[in-house]
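Visitor: First, the structure itself, so that you have it in front of you.
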Amino acid sequence: MPISGFPEWLPPQRIIEQQVLDRIRSTFELYGYASLETRAVEPLDTLLSKGETSKEVYLLHRLQEEEGAKRDDQLGLHFDLTVPFARFVTEFHGKLQFPFKRYQIQKVWRGERPQEGRYREFLQADIDVVSRDTLPFHFDTEMPLVIGDVFKSLPIPDATILVNNRKVCEGFYRGLGLEDTAQVLRTVDKLDKIGPEKVAAALVETAGATDAQAAACLALAEISTTDGSFADRVRALGVTDPLLDEGLSELLQVVETANEHAPGLVRAELKIARGLDYYTGTVYETQLKGYERFGSITSGGRYDNLASVGNTRFPGVGISIGVSRLLGLLFGQDALTVSRSVPTCVVVALPSEDERAACDRIAASLRRRGIATEVAPTAAKFGKQIQFADRRGIPYVWFPGETGTVKDIRSGEQVEADPETWQPPAADLHPLVSAR
């Protein structure tokens, strides 16, 4: 029976997922990111040290413990890939070359209420760059370019990367005279969930804001531009602070660099803050056109204080694609299709069981040249063997003989062919994923 929040894809969906992962992986590597996989569990104090996540962590312990043994229940399944990566950096920093660029594609577990596109077990694809002591800001500007190229390679609707900088928000709040900037950030981050009136009331109640200060916070959150004009709009609000100026300058670099790479890729959205406490500068979210109501499909940001060893800090910046979230939403809308439900390109027809060895040799010859091939399961009438291929979307049936022939069962075209030299069109070699 199904368990809510733990998705299992059917074979055609799994083919789509694998092709999506291949394109994500190849794009990450084009930008010089190296692959990494960390363990599934972390000490509980590590998982709980970076934000309000205790309600989401799954614990790991044995069902039966030996009498008198200490329970090993202080391990939790990781809820993201950033915290384990930070731990990995501190543990292996002596063996790493900095700046260290890595990508990680792994399952994570989060105990939240399952809903469409939101799961308790899901696949994420992350990139991060960390360095020792200081990390050049240009890596913040690179993140949207990588993600933009990933999305451009996929048959999905257009995506817009929303960017902000916590220094803008914190500097603005500080300039207003609000001291608990972290509380203001957490409250404003709920804007889409509870609306401006409730956010304003919460700012007064929990952050000690006056009505005028709360109104100014909302005015900042309303600013949204696809170019650098957001900076003038912020300054027009009349608040000054050195941290605000620093944040505006950084955010401007991100927006201008992205616009040069791909106009319209990013939008400065000054209401986003990201809920986790470890972000210190640039923050990212992404909306998929037509799926905005489901929220962000990527997220990330700059973290200067997440990892340290003694007096040495390892600042970083990263962004994560919610692969299961993205695919779950698209599958739910039947928005993706695949040309066949199996990898097979060719079925070798089987005239009789006595000829199976000869058919296996034909299949082996095709496979040696990278053509996915299977021999028909039984020596049924050729019409039924063609049906076997057709039901699975397999485009070609190979008929053995002194002179072999291969038939494109979609068009009916049949030609003589040699298994040592015949090659299908490139478009038929692998299942083709496309938007429906």
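The values are calculated or read from the model by the stated rules, or taken from the named source; none is laboratory data. Note that this is a predicted model, so its numbers are computed, not measured. Note that we place each Cβ from the backbone using ideal geometry, even for glycine, and neighbour counts take in every protein chain shown. Heavy atoms of the whole protein, side chains included, go into the accessibility calculation; ligands, DNA and RNA do not. Shrake-Rupley method; radii C 1.70, N 1.55, O 1.52, S 1.80 Å.
Visitor: Probe radius 1.4 Å, ligands and nucleic acids left out: which of Thr226, Thr344, Thr257 has the largest accessible area, and how do the rest follow?
Guide: In descending accessible area the options line up as Thr226, Thr257, Thr344.
Visitor: If you don't mind, there's one more thing I want to ask. Taking the Cα centre as origin and putting +1 on Lys and Arg beta-carbons and -1 on Asp and Glu beta-carbons, what dipole magnitude results for region 217-343, to the nearest 20 debye?
Guide: Roughly 540 debye for region 217-343.
Visitor: Distance from a point 7 Å along Cα→Cβ of Gln414 to each backbone N in region 384-400: keep the residues under 14 Å and list them by number.
Guide: Taking a point 7 Å out along Cα→Cβ of Gln414, the residues of region 384-400 whose backbone N falls under 14 Å are 384-387, 396-400.
Visitor: Roughly speaking, to the nearest percent, how much of the chain's 1.4 Å accessible area is carbon and sulfur?
Guide: 49
Visitor: Which net charge results for the neighbourhood of Glu416, defined as the other residues with beta-carbon distances under 14 angstrom from its beta-carbon, given Lys and Arg at +1 and Asp and Glu at -1? The partial results should precede the final answer.
Guide: On the way: positive: Lys407; negative: Glu402, Asp408, Glu413, Asp418, Glu420.
After counting each charged neighbour, the total is -4.
Visitor: Ok, one more. Size of the dipole of region 298-436 about the Cα centre, Lys and Arg at +1 and Asp and Glu at -1 on the beta carbon, nothing else charged, in debye to 20?
Guide: 720
Visitor: Pick from Glu197, Glu355, Glu91: which residue has the top mean-square fluctuation in a GNM of the chain where Cα pairs under 10 Å get a spring?
Guide: Highest fluctuation among the options: Glu355.
Visitor: May I pose another question? How large is the direction-averaged shadow of the alpha-carbon convex hull of region 199-246, in nm²?
Guide: 3.8
Visitor: Work out the FRET efficiency for Glu260 and Leu96 from their Cβ-Cβ distance, taking R0 = 30 Å, and round it to the nearest 0.05.
Guide: Here the calculated transfer efficiency is 0.45.
Visitor: Would you look at the GNM of the chain, springs on alpha carbons closer than 10 Å, and say which of Trp422, Trp109, Trp398 moves the most?
Guide: Trp422
Visitor: Roughly how much of Lys101 is accessible, in Å² to the nearest 10, using a 1.4 Å probe?
Guide: 40
Visitor: Further question on the same structure: Pairs Lys193/Lys271; Lys167/Lys271; Lys152/Lys193; Lys198/Lys271; Lys107/Lys271: which exceed 22 Å Cα-Cα?
Guide: Lys152/Lys193; Lys107/Lys271
Visitor: Also, I was wondering about something else. For region 324-426, what relative contact order do you get, as a whole percent, if you take Cα pairs closer than 8 Å and at least 6 residues apart? Mind showing how you got there, number by number?
Guide: Working: 141 pairs, mean separation 26.5, N = 103.
Answer for region 324-426 is 26 percent.
Visitor: Hey, another quick one. Taking only Cα atoms and a 10 Å spring cutoff, compute GNM fluctuations for the chain and point out the largest among Leu63, Leu77, Leu123.
Guide: Result for the chain, Cα springs under 10 Å: Leu63 fluctuates most.
Visitor: Right, another one. Pairs of alpha-carbon atoms within less than 8 angstrom and 6+ residues apart define the contacts here; what relative contact order does the chain have, in percent?
Guide: Once divided by the residue count of the chain, the mean separation gives 16 percent.
Visitor: Further question: Counting other Cβ atoms within 10 Å, keep those with at most 15, restrict to DSSP loop, and tell me which GluC sites (Glu not before Pro) in region 384-431 are left.
Guide: For GluC sites (Glu not before Pro) across region 384-431 that sit outside H, G, I, E and B with at most 15 neighbouring Cβ atoms in 10 Å, the list reads Glu402, Glu413, Glu420.
Visitor: For a label point 7 Å from the Cα of Asp158 along Cα→C-beta, name the residues of region 217-237 whose backbone N is under 20 Å from it.
Guide: 224-230
Visitor: Before I look further, what does region 325-436 give for accessible area per residue, probe 1.4 Å, in whole square angstrom?
Guide: Per-residue accessible area for region 325-436 comes out at 51 Å².
Visitor: If you rank Lys152, Lys407, Lys289 by how much accessible surface each has, with a 1.4 Å probe, what is the order from largest down?
Guide: Lys152, Lys289, Lys407
Visitor: Next up: Which GluC sites (Glu not before Pro) in region 262-293 pass both tests, a DSSP loop state and at most 10 other beta-carbon atoms within 10 Å? Please report the intermediate quantities before stating the final value.
Guide: Numbers: sites: Glu269, Glu285, Glu292; in loops: none.
Of the GluC sites (Glu not before Pro), not one in the loops of region 262-293 has a Cβ with at most 10 other Cβ atoms within 10 Å.
Visitor: So, one more: Solvent-accessible area per residue for region 172-211 at a 1.4 Å probe radius, Å²?
Guide: Values: 2350 Å² over 40 residues.
Normalised by residue count, the accessible surface of region 172-211 is 59 Å².
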